[in-house]
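Undergrad: Sharing a structure here in structure tokens format.
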Amino acid sequence: WPLRPGREFSTTFVFVYVSKSFDYLYLMLVRNFQPPVNFIKGRRASVSAEPLSMEDDVTKDRVIHPKTDEQRKRLSAAVKEILIFKSLDQEQREYVLDAMFEKQAASGEKVIELGDNGDYFYVVDSGKLDCYIKVEGEEKKVATYDNSGAFGELALMYNTPRAATIIATEDCVLWALDRQTFRQLVLLTAMKKRLTYETFISSITIFKELDNYERMNLADALQAVNYEAGTAIIKQGDPADSFYIIEKGTCVVKVKDTFSSQHKNEEVEVNCLNKGDYFGELALLHNKPRAATVYAKTDVTLAALDVKAFERLLGPCINIMSRNVTTYEKQLADLFGEVSLEDLRR
């Protein structure tokens, strides 16, 4: 919706969802935003969803549906690639898994129906379902869920009627999450994650090149990952797939000494990294294997950005990152003499 100068707003969160199964999720903080009356043509006007407070305790009044080990394993696999769950840390993810329960849907069953009130969010474990919407009074199939995917989120996010009908075309196994848990845990956590990461990346010098909108998109794309002390996070010679920023803890950078006969292939420490430092960028910039191994010196929490998001979001920072080559090669020269990063990739 266009936001024109002169419109009055009061503080509220608006979630803008694009594409099924949360391929993209954007959060916008605006003021007194009211959707146009014709936003959802042909449907009754929506009722505003109950507010979410940043002070809400997302662990209060936990819902727990007991599961066998086999069920929990299947559920974990089913939600693994659903983007909105990636905003959750391990503890929060466990809360969500606890709250979900298995639901059987027989072939031909309407799991949700256009116009009904929303009560559950669904994740597909197995089976096929078709999605129908009304176009000029006629039902039209617009999507098929084939043993994966998720649906039912919009009605829960906005407290609106169901926007589509989902019909099982064969016997299915679904996982359901109730409306209150979905809103309080999944959405509220996504809100908190964005605000936390926006504050964090604003404090890092390299990201000063990004404008507010770019920082917002970066905050949404970052994923928290944890490593125990002693774990190799990236390894010299491996393909590059992610860029990392240290949120908490300390890492050490080591390279193999392939230059002296006395210490052939022994690892030598070349740098120590702390909160706010980053690594893994050069291999992504140049599409080359990793030139060093980075270990967690202590237990660490990192903000990770995959290669596609890196290329899409960090364009304004590329020139600055490229300058790091000189710094890294000076560190190598201090240890080994005149060598380059390319020597480490051979």
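The values are calculated or read from the model by the stated rules, or taken from the named source; none is laboratory data. In this text the structure is predicted, and so the values were computed from the model without any measurement. Counting neighbours? That spans all protein chains shown, and the Cβs are built from the backbone with ideal geometry, glycine included. The protein model used for the area step is the full one, side chains on, heavy atoms only, and it has no ligands, DNA or RNA in it. Shrake-Rupley method; radii C 1.70, N 1.55, O 1.52, S 1.80 Å.
Undergrad: Please determine whether any residue of region 132-151 is within 21 Å of R72 (Cα to Cα), open to solvent by 30 Å² or more (accessible area, probe 1.4 Å) and part of a strand (DSSP E or B).
TA: Yes: one or more hits.
Undergrad: Just for region 205-258: of the residues that are among the aromatic types (F, W, Y) and either outside any strand (DSSP E or B) or out of contact with any strand residue (DSSP E or B) (no Cβ under 8 Å at 6 or more places or on another chain) (or both), which one is surrounded by the fewest Cβ atoms within 10 Å (Cβ to Cβ)?
TA: In this case the residue turns out to be Y213.
Undergrad: Can you pull out the residues in region 98-109 that are surrounded by 14 or more Cβ atoms within 10 Å (Cβ to Cβ) and assigned to a strand (DSSP E or B)?
TA: Scanning region 98-109 gives F101, E102, K103, A105.
Undergrad: Kindly indicate whether Y120 is open to solvent by 60 Å² or more (accessible area, probe 1.4 Å), in contact with a Leu (Cβ under 9 Å, 6 or more places away or on another chain) and among the hydroxyl-bearing types (S, T, Y).
TA: In short, yes.
Undergrad: While we're on this one: From the list V307, V270, V325, pick out the single residue that is hydrophobic (A, V, I, L, M, F, W, C), open to solvent by 20 Å² or more (accessible area, probe 1.4 Å), modelled with pLDDT under 90 and under 22 Å from the mean Cα position of the chain (by Cα).
TA: Just a single option satisfies the conditions, and that option is V307.
Undergrad: So, one more: For region 83-97, enumerate the residues that are assigned to a loop (DSSP other than H, G, I, E, B) and either surrounded by fewer than 19 Cβ atoms within 10 Å (Cβ to Cβ) or acidic (D, E) (or both).
TA: Scanning region 83-97 gives a single hit, D89.
Undergrad: I'd like to know if region 118-125 contains one or more residues that are assigned to a strand (DSSP E or B) and within 25 Å of L222 (Cβ to Cβ).
TA: Yes, some residue in region 118-125 is assigned to a strand (DSSP E or B) and within 25 Å of L222 (Cβ to Cβ).
Undergrad: Would you check which residues across region 152-173 are modelled with pLDDT of 90 or more and in a loop (DSSP other than H, G, I, E, B) and list them?
TA: G152, R162, A163, A164, T169, E170, D171
Undergrad: Within region 184-197, can one find any residue that is closer than 18 Å to S76 by Cα and under 21 Å from the mean Cα position of the chain (by Cα)?
TA: Yes - at least one qualifying residue is present in region 184-197.
Undergrad: Of the residues D277, D299, which is closer than 21 Å to Q90 by Cβ, of a type outside the set (V, I, T) and open to solvent by 20 Å² or more (accessible area, probe 1.4 Å)?
TA: Of the residues listed, the single one that is closer than 21 Å to Q90 by Cβ, of a type outside the set (V, I, T) and open to solvent by 20 Å² or more (accessible area, probe 1.4 Å) is D299.
Undergrad: If we scan region 167-174, do we find a residue that is of a type in the set (S, T, Y), out of contact with any helix residue (DSSP H, G or I) (no Cβ under 7 Å at 6 or more places or on another chain) and under 24 Å from A78 (Cβ atoms)?
TA: Within region 167-174 (the criterion being of a type in the set (S, T, Y), out of contact with any helix residue (DSSP H, G or I) (no Cβ under 7 Å at 6 or more places or on another chain) and under 24 Å from A78 (Cβ atoms)), the answer is yes, since at least one residue qualifies.
Undergrad: Which residue pairs have Cβ atoms closer than 7 Å, lie 6 or more positions apart in sequence or on different chains, and pair a first residue in region 177-192 that is under 21 Å from P66 (Cβ atoms) and modelled with pLDDT of 75 or more with a second residue that is open to solvent by 10 Å² or more (accessible area, probe 1.4 Å) and in a helix (DSSP H, G or I)?
TA: Cβ pairs passing all conditions: L185/Q92; L185/Y95.
Undergrad: Answer yes or no as to whether L195 is farther than 19 Å from I82 by Cβ, assigned to a helix (DSSP H, G or I) and among the aliphatic types (A, V, I, L, M).
TA: Spelling it out, L195 is indeed farther than 19 Å from I82 by Cβ, assigned to a helix (DSSP H, G or I) and among the aliphatic types (A, V, I, L, M).
Undergrad: Something else about it: How many residues are more than 25 Å from the chain's Cα centre (by Cα) and in contact (Cβ under 8 Å) with a residue 40 or more places away in the chain if we restrict to region 132-159?
TA: Adding up the residues that qualify gives 1.
Undergrad: For the list (1) within 22 Å of S76 (Cβ to Cβ); (2) modelled with pLDDT of 95 or more, I need the number of the one condition that V96 fails.
TA: Of (1) within 22 Å of S76 (Cβ to Cβ); (2) modelled with pLDDT of 95 or more, only one is false for V96: (2).
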